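The values are calculated or read from the model by the stated rules, or taken from the named source; none is laboratory data. Note that the structure is predicted; figures quoted are calculated from it, not measured. We place every Cβ from the backbone using ideal geometry, glycine too, and count neighbours over all the protein chains shown. With ligands, DNA and RNA removed, areas are computed over all heavy atoms of the protein, side chains included. Shrake-Rupley method; radii C 1.70, N 1.55, O 1.52, S 1.80 Å.
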Amino acid sequence: MQYTQDESYYLLDAGDDASVYLGLKTHIDREAMIRELKTAQDDGVSFSAETYVNRFPAGKHDHFLIPAGTIHCSAETAWFLR
């Protein structure tokens, strides 16, 4: 895309198990990840995001900077502004 935008998460509150998925792990097999994503989409099987994506614990008032193009989402219970 010609237009990109950095984002951030600021957590207003968070449950005990709150976390944020942010960025791909280093040294992953990207082709394997794409195959597993396609299989999950086509066959409805579960995709194990934690195999490929970093997961960080998150707490109330934590702030996560998210560069444009970075895979990200919240997990468990987290209430945030973005």
Checklist outcome for this item: Residues of the stretch 1-25 being exposed (fewer than 11 other Cβ atoms within 10 Å of the Cβ) and hydroxyl-bearing (Ser, Thr, Tyr), in sequence order, are 3, 4
Checklist entry - If only one of 75, 58 is open to solvent by less than 40 Å² (accessible area, probe 1.4 Å) and at pLDDT below 90, which one is it? => result 75
Checklist outcome for this item: Within the stretch 26-49, the residues that are open to solvent by 40 Å² or more (accessible area, probe 1.4 Å), assigned to a helix (DSSP H, G or I) and either in contact with a helix residue (DSSP H, G or I) (Cβ under 9 Å, 6 or more places away or on another chain) or touching a residue at least 12 places away in the same chain (Cβ under 8 Å) (or both) are 36
Checklist entry - Which residues, counting only those in the stretch 1-21, are in contact with a Leu (Cβ under 9 Å, 6 or more places away or on another chain), more than 12 Å from residue 61 (Cα to Cα) and assigned to a strand (DSSP E or B)? => result 7, 8, 20
